[in-house]
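Laboratory data are not the source of any read-out in this text; all were calculated from the coordinates shown. Predicted model only: the values in this text are computed from it and were never measured. Note that we place each Cβ from the backbone using ideal geometry, even for glycine, and neighbour counts take in every protein chain shown.
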Amino acid sequence: MSTQWRWRRWLLVIGSVVLLFTGGAFALLRTELDGAHLADKIASALNKRMRGRIEIGSVEWPTSSLEAIATGGWVPAEIHDVKLWDDCVLSAAGSATTGDPNADCTPDDRPDPDPASKRRPRKLLISVPRITVEIDLHALMFGHHDFRFRHVFVHGGEALLEQGVEPYPLHAYDRTIVTI
């Protein structure tokens with residue numbers, strides 16, 4: 001009888017530890033990889049690799065998609081308050097030449113409060129209140145770390161399209177660019 005009680009006690013302890021570990025992992029997953037925290041991580045990763053600037057309010061995904069996260073597949077997500085600003089070089093408003101590629105710009109579309117400042121505001125190119133999308137997380141986590149999307153729906157918003165001078169021409173005939 002004593003050995004049977006020990007086995008039950010060890011099974012109870014192991015089950016409790018697994019349950020606590022699983023609950024803690026779930027709580028960490030929902031607090032750090034959901035909402036504004038996840039949006040900040042995605043925006044930081046994207047801003048390191050592009051000339052413009054992106055801002056994301058929050059990224060939310062349903063708890064029911066944990067199976068797709070663990071085994072692979074498409075995870076539905078809802079992205080809120082997406083704003084995309086242009087490159088500082090493209091902010092040379094109304095001029096025939098582009099600005100200096102190393103010029104300092106204000107962080108967004110608001111001008112610098114200092115009247116003597118030479119910092120130009122960036123142009124707001126895209127402002128979207130809500131986007132629904134399905135994301136392939138395994139393509140993002142493994143391999144080349146690619147963002148793969150499908151069923152992308154943009155719910156309202158504004159976009160600025162304009163033609164300007166190409167700041168980084170690859171060929172002699174590359175003189176204009178259409179920005180978005």
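A few remarks follow.
- Relative to the longest principal axis of the Cα atoms of the chain, the long axis of helix 36-48 makes an angle of roughly 50 degrees.
- From the coordinates of this entry, Rg and Dmax of the Cα atoms in Å is computed, and it appears in [x] 27.7, 87; [y] 23.9, 91; [z] 15.4, 53 under the label [y].
- The chain, relative contact order [Cα under 8 Å, separation at least 6], %: 15
- Remark: the range 137-147, residue by residue, has Karplus-estimated 3J(HN,Hα) of 6, 5, 5, 6, 7, 10, x, 8, 6, 8, 7 Hz, where x stands for each Gly or Pro and the curve is 6.51 cos²θ - 1.76 cosθ + 1.60 at θ = phi - 60°.
- Crossing angle, helix 2-32 versus the chain [Cα axis fit, 0-90 degrees, rounded to tens]: 10
- Simple spin-label estimate for residue 168 and residue 45 gives 2.1 nm between the two label positions (7 Å along the Cα-to-Cβ direction from each Cα).
- Amide H to amide H distances under 5 Å link residue 58 with 80, where only residues 5 or more positions off or on other chains count and H is placed in the peptide plane.
- By the helix-only formula, in which each DSSP H run with n ≥ 4 contributes -39500 (n - 2.57) and the sum is divided by residues, the chain has a 222 nm mean residue ellipticity of -10000 deg cm²/dmol.
- Total lysine pairs whose alpha carbons fall under 22 Å of each other in the chain (8 or more apart, or interchain): 4
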